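We did not get these values from a lab; they are worked out from the coordinates using the rules stated. Since the model is a prediction, treat every value here as computed from it, not as a measurement. Cβ: placed from backbone, ideal geometry, glycine included. Neighbour counts: every protein chain shown.
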Amino acid sequence: MAWLILVLSGVLEAVWATALGMSDNFRRWRPTAVFVVAMITSLAGLAYAMTELPTGTAYAVWVGIGATLTVVWAIATKREAASTARVVLLCVLVGSVVGLKVVS
């Protein structure tokens, strides 16, 4: 159960990171509200997962999922350009996150 909560929390990390970027320095209320709710929920899920998983592993997986999904979303919405190097490095990051799950 802790792994499922951790993965969902990582997804919410991408949500709050994206909402933060869209909030225009907290001037737009909808993205700001999404940011606050997603951040609180994401951190609560991370805290729960850390009760059963090692702190370093849980944090690395959480950050890896959030960072990967944030970049993928930015590329999909044309806010960032895709490049071969970027795609390869994202694959390495995903592989590292999967590897942490396998060795845990």
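Once both labels are positioned 7 Å from their Cα atoms along Cα-to-Cβ, the gap between VAL103 and TRP3 label points is 1.6 nm. Close amide H pairs (under 5 Å, H built 1.01 Å from N) link GLU80 with ILE75, residues at least 5 positions away or on another chain. In order along region 22-36, phi translates into HN-Hα couplings of 7, 6, 6, 6, 6, 8, 9, 6, 5, x, 5, 5, 4, 4, 5 Hz, rounded to whole numbers, per the Karplus curve 6.51 cos²θ - 1.76 cosθ + 1.60 with θ = phi - 60° and x for Gly and Pro.
Projecting the Cα atoms of TYR48, TRP3, GLY95 onto the charge dipole of the chain, computed from C-beta unit charges around the Cα centre, puts GLY95 farthest toward the positive end. Full extension of the chain segment joining VAL11 with ALA33 gains 6.2 nm, where the gain is 0.36 nm per residue of separation less the Cα-Cα distance.
Our summary of shape: the Cα atoms of region 45-104 have principal axis extents of 38, 21, 12 Å, ordered from largest down, in whole angstrom. For region 87-101, putting each phi into the Karplus relation 6.51 cos²θ - 1.76 cosθ + 1.60 with θ = phi - 60° gives couplings of 5, 4, 5, 5, 5, 4, 4, 4, x, 5, 5, 4, x, 5, 5 Hz, in residue order, rounded to whole numbers and with x for Gly and Pro. Taking amide H atoms as placed 1.01 Å from N in the peptide plane, the amide H of MET50 has no partner under 5 Å among residues 5 or more positions away or on other chains.
Taking the Cα centre of the chain as reference, the dipole from Cβ charges on Lys and Arg (+1) and Asp and Glu (-1) amounts to some 320 debye. For region 4-62, chymotrypsin sites (Phe, Trp or Tyr not before Pro) meeting the loop criterion (DSSP other than H, G, I, E, B) and having at most 14 other Cβ atoms within 10 Å: PHE26.
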